[in-house]
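Take a look at the structure set out below.
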There are 2 protein chains.
Amino acid sequence: MFMNSKTDITNLVDKVVRFVLVNTSHPGNIGASARAIKTMGFNRMDLISPKDFPHETAIYRSKAASDILEKAQIHKKLYDAIEDCQFVVGTSARKRKVPWPLVGPREAAEEIINLSLSGTKNIAIVFGREDHGLNNEEMGLCNLHVAIPTSEKYSSLNLSQAVQILAYEIRTQALFKSNKTFKQEWDVPLADSEEVERLINHFDEIMQDVDFYDQENPRKLLTRVRRFFKRSKMDHMEANIFRGLFSSIQKKIKK
Amino acid sequence: MFMNSKTDITNLVDKVVRFVLVNTSHPGNIGASARAIKTMGFNRMDLISPKDFPHETAIYRSKAASDILEKAQIHKKLYDAIEDCQFVVGTSARKRKVPWPLVGPREAAEEIINLSLSGTKNIAIVFGREDHGLNNEEMGLCNLHVAIPTSEKYSSLNLSQAVQILAYEIRTQALFKSNKTFKQEWDVPLADSEEVERLINHFDEIMQDVDFYDQENPRKLLTRVRRFFKRSKMDHMEANIFRGLFSSIQKKIKK
């Protein structure tokens, strides 16, 4: 489904980026986060004093990402998980009294990929507690703050959903940069201009054959038909299906 | 946190887009999806023959989005939920034998916003069963297929996470188009060139005062100091803090 490319940035950022969860209360959120990062190709998770871990709910919610949980590194303090990191991104929902460089997930992903490409080896993305996020001391350990642009009416995003969005943004932009975005696969070549013109002419014939025409402005209808077929990006086989049908209709009429 | 703008596209797409979940097995996923769409400003959810709904787990997982569950429309067949829709997007993980126009979430969001801006009133995004997605008949009711670019090694995304990603993409692009992306707020104006030059000179003085200099290549060090202060986007108050500290150091030394 993806184009091959020698510069696969996804394989680079996967090794560089770790997801760090601070003081998570619900083991289900840890499991769901493990699944979220694995679906986006990441594999390192660090847990800072989780309230209830290991836990069977974490394993259940991780589905086939329990390997991420098994090898998760557990630390007492955030600093222990980021000591060897050259760049630390903190997720934030609240405004801080002393503002910090703050961006959206897209800009954060851009910066993470650029740093990875220029040789940065260890980057952490840090997620706070379910109820009140990261405290000021923890935010002070970060180089960049990122906020997900939630609705003003209801901004309480589930922890694993925030993890999913960041992981998705990094993977998507790495794919774009690697020229590995979706390549539309089609089973049949598109119809060429000659085929489409023949089809439009045939359509015109049929409309005359069955007296289906606006007598006052006959060209208007055909212009609309033309516009439809021209913009529909019809393929060769679809054009043949229409032509075949029209021929059968004409045979039937002329009998 | 956002810039004000008269053309707020988020308020437009919120009214146009509905999220449709087909044959969902786990009520927890329905609740989590309700929360996911509400955090991104959406409010309409349609459920096609859910296995186990209403259910207290759905309410629990929806947190403060139980209003979305209460007003969710329940139908027997997918067609009943999309009958009045001019554009239907189907989420797909699998390749289909007869390929359909297939894009990533970013391109799908772009198309949804463009259609909303050009007056399309009802757009549906359809999500399939947890275990095997949408069937071919259901996919055939869609105009566009969207696939989230998951890892080749593990592609099983949780249903509510897929909902979250689509909702996030639409909101993010609507904000970009409305010029309502994050505006960095800073409490103090940035230092001007004169302040930064004075600071660098002061730094130079201090280095001489304390004999902190590479004798063989004294300018090299200062070039690095200059580069640091120039690229750090220091603000006025930060520059004053450094200048004040340097003055205190000089006073102490000269005593």
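Here are a few things to note about the model shown:
- Output for the stretch A:118-145, where each listed residue is open to solvent by 70 Å² or more (accessible area, probe 1.4 Å) and either at pLDDT below 90 or under 22 Å from B:LYS233 (Cβ atoms) (or both): A:SER118, A:ASN136, A:ASN143
- Single unsatisfied condition, B:TYR154 versus (1) over 20 Å from B:MET40 (Cβ atoms); (2) more than 7 Å from chain A (Cβ to nearest Cβ); (3) surrounded by fewer than 20 Cβ atoms within 10 Å (Cβ to Cβ): (2)
- Checked against (1) open to solvent by less than 50 Å² (accessible area, probe 1.4 Å); (2) under 26 Å from the mean Cα position of the chain (by Cα), B:ARG61 passes all but condition (1).
- Pair list, Cβ < 6 Å and 6+ apart or interchain, from the stretch B:238-249 residues that are under 13 Å from B:PHE203 (Cα atoms) to residues that are among the acidic types (Asp, Glu) and part of a helix (DSSP H, G or I): B:ALA239/B:GLU195
- Filtered by the rule that a residue be charged (D, E, K, R), open to solvent by 80 Å² or more (accessible area, probe 1.4 Å) and either assigned to a loop (DSSP other than H, G, I, E, B) or in contact with a Gly (Cβ under 9 Å, 6 or more places away or on another chain) (or both), the stretch A:211-227 gives A:ASP211, A:GLU216.
- A:ALA81 vs. criteria touching a residue at least 12 places away in the same chain (Cβ under 8 Å) and either of a type in the set (Val, Ile, Thr) or within 9 Å of another protein chain (Cβ to nearest Cβ) (or both): no
- Residue match in the stretch A:89-111 (condition: polar (S, T, N, Q) and either outside any helix (DSSP H, G or I) or at the interface with chain B (Cβ under 10 Å from one of its Cβ atoms) (or both)): yes
- Of everything in the stretch B:7-20 that is under 20 Å from the mean Cα position of the chain (by Cα) and not in a helix (DSSP H, G or I), the residue that is modelled with the lowest pLDDT is B:THR7.
- From the options B:ASP214, B:ASP209, B:ASP192, residue that is more than 9 Å from chain A (Cβ to nearest Cβ), among the acidic types (Asp, Glu) and in contact with a Leu (Cβ under 7 Å, 6 or more places away or on another chain): B:ASP214
- Residue in the stretch A:224-235 that is in the same structural domain as A:GLY31 (by TED's automatic domain parsing), hydrophobic (A, V, I, L, M, F, W, C) and within 42 Å of the chain's Cα centre (by Cα) present: no
- Residue list for the stretch A:103-114, filter: open to solvent by 40 Å² or more (accessible area, probe 1.4 Å) and either without any contact (Cβ under 8 Å) to a residue 60 or more places away in the chain or within 23 Å of A:LYS77 (Cα to Cα) (or both): A:GLU107, A:GLU111, A:ASN114
- Restricting attention to the stretch A:164-210, the residues that are closer than 30 Å to B:TYR154 by Cβ, touching a helix residue (DSSP H, G or I) at 6+ places or on another chain (Cβ under 9 Å) and in a loop (DSSP other than H, G, I, E, B) total 4.
- Which listed residue, of B:PHE42, B:PHE53, is buried (at least 21 other Cβ atoms within 10 Å of the Cβ) and modelled with pLDDT of 95 or more: B:PHE42
- Of all residues in the stretch B:242-255, those satisfying the criterion of being hydrophobic (A, V, I, L, M, F, W, C) and either surrounded by 12 or more Cβ atoms within 10 Å (Cβ to Cβ) or not in a helix (DSSP H, G or I) (or both) are B:PHE242, B:LEU245, B:PHE246, B:ILE249.
The values are calculated or read from the model by the stated rules, or taken from the named source; none is laboratory data. Everything numeric here is computed off the predicted structure, so don't read it as measured data. In this analysis, Cβ positions are derived from the backbone assuming ideal geometry, glycine residues included, and neighbour counts consider all displayed protein chains. Surface areas here come from the heavy atoms of the whole protein model, side chains and all, with no ligands, DNA or RNA. Shrake-Rupley method; radii C 1.70, N 1.55, O 1.52, S 1.80 Å.
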